[in-house]
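The values are calculated or read from the model by the stated rules, or taken from the named source; none is laboratory data. Keep in mind the model is a prediction, meaning the values are calculated, not measured. A quick note on method: Cβ atoms are made from the backbone with ideal geometry, for glycine too, and the neighbour counts reach across all protein chains shown.
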Amino acid sequence: MSKFSDYLEVQLVNHIFRTPAYSAPSTIYVGLFTSDPTDAGSGTEVNPAGTWTDYARQDAADGASKETGWDAPGATDGTTQNAKVITFPANNGASSVTVTHIGVFDAATSGNLLFHAPLASSKTLLQGDVLSFGIGAITVTLD
């Protein structure tokens, strides 16, 4: 995974080359998309008011400090992976939902998209299905 969002690119360039300092988020959330979010964050995130009413972005650290949700980056590769299982609530909507992409956010709702990537293969969740990412299933690479 690892396409930077336009938002994060601007924040990092400003932080490194200009005066405004970037404040890292205190919590990192993972969200699901039914279309490519693009760097602009313009894709379609699963809609809790629509087809999957219990959907919510998930805190990668599951309520603990954000550092517990991600492995320490390698000394030379700028890569981190989720260190805890990330599980979304069951699809309780009236129809199936096909998830194609994930996004990493700085807030549980609204907020800013930081990174995004397609799933290795789309996942169609029928009523009652749960989507879960095992430890190490989400990789963020800065290169």
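On the basis of being among the aromatic types (Phe, Trp, Tyr) and out of contact with any Lys or Arg (no Cβ under 9 Å at 6 or more places or on another chain), does Phe133 make the cut? So Phe133 passes the test.
In segment 110-136, which residue that is of a type in the set (A, V, I, L, M) and surrounded by fewer than 15 Cβ atoms within 10 Å (Cβ to Cβ) is farthest from Ala75 (Cα to Cα)? I'd like the intermediate steps shown before the answer.
Narrowing segment 110-136 to residues of a type in the set (A, V, I, L, M): 113-114, 117, 119-120, 125-126, 130-131, 135.
Now narrow it down to the ones that are surrounded by fewer than 15 Cβ atoms within 10 Å (Cβ to Cβ): 120, 126, 130, 135.
Numbers: Ala120: 26, Leu126: 41, Val130: 35, Ile135: 20 Å.
If we take residues in segment 110-136 being of a type in the set (A, V, I, L, M) and surrounded by fewer than 15 Cβ atoms within 10 Å (Cβ to Cβ), then Leu126 is farthest from Ala75 (Cα to Cα).
Number of residues in segment 78-97 that are surrounded by fewer than 16 Cβ atoms within 10 Å (Cβ to Cβ), hydroxyl-bearing (Ser, Thr, Tyr) and either at pLDDT below 95 or touching a His at 6+ places or on another chain (Cβ under 7 Å) (or both): the value is 3.
Please enumerate the residues belonging to segment 39-67 that are out of contact with any helix residue (DSSP H, G or I) (no Cβ under 8 Å at 6 or more places or on another chain) and part of a strand (DSSP E or B).
Glu45, Gln58, listed by residue number.
When the residues of segment 18-39 are filtered to those that are at pLDDT below 95 and of a type in the set (A, V, I, L, M, F, W, C), the one that is farthest from Ile102 (Cα to Cα) is Ala21.
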